[in-house]
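Trainee: This structure is in structure tokens; I'll ask about it shortly.
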Amino acid sequence: MRRRQGSFCTAQTARLTGLSPRQLDYWDREGFVRPSVARASGYGSARRYSFEDRVRLRVAAKLRAAGFGLNKIRQCVQTLRRLDPSREGMADVRLLVVGSRVLWARSARELVDVLQEGQLMLVFPLGKEVRGVAAAVATLAREPRLDLFDLDTRAPRRARARRRF
């Protein structure tokens, strides 16, 4: 927990995120990911990044390595902030990169497409459906078969109709 409360200089942040100090400088100047503890205020001043800043930078670096441009990554960040502004429980969040899509796994049953303005997709396990259909087929197999076109089922009706007269 102590590590989450400290701040980190540009060199430490670069080493821990896999980004170069020059990349961090560019992203700060562009307003993409700015250090939240201390911003650069002139030549020789030091930026200080928080733990959360470093997490954001690592995620952005992974998306960048996956071929996403800064505009797409910025869109992902904005959508994630809008969908979950509290940032509580972010350690359990999963981002899935599928082709040109970035999906946020909110739970085992929900995915959110962060590049499609947070479109929700529901997920359900097929195994449960397969087991349900197999059980229904087994129940159906145990029931007596009633076929209207089978001659064996017509014979008793004719016999009953003759007895009435």
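Trainee: In square angstrom, rounded to the nearest 10, how much accessible surface does GLU129 have for a 1.4 Å probe?
Mentor: Looks like 100 Å² after rounding.
Trainee: For the peptides 74-82, 47-55, what is the packing order when you average, over each peptide's residues, the other Cβ atoms within 10 Å and list the highest mean first?
Mentor: Taking the mean over residues of other Cβ atoms within 10 Å, the ranking is 47-55, 74-82.
Trainee: Could you calculate the FRET efficiency of ALA136 with ARG109 from 1/(1 + (r/R0)^6), where r is the beta carbon distance between them and R0 is 25 Å, rounded to 0.05?
Mentor: E(calc), rounded to 0.05, equals 0.60.
The values are calculated or read from the model by the stated rules, or taken from the named source; none is laboratory data. Quantities reported herein were computed from a predicted structural model and do not represent experimental measurements. Methodologically, a virtual Cβ is constructed for each residue, glycine included, from the backbone with ideal geometry; neighbour enumeration extends over all protein chains shown. Remember, those area values only see protein heavy atoms, side chains included, never the ligands or the DNA or RNA. Shrake-Rupley method; radii C 1.70, N 1.55, O 1.52, S 1.80 Å.
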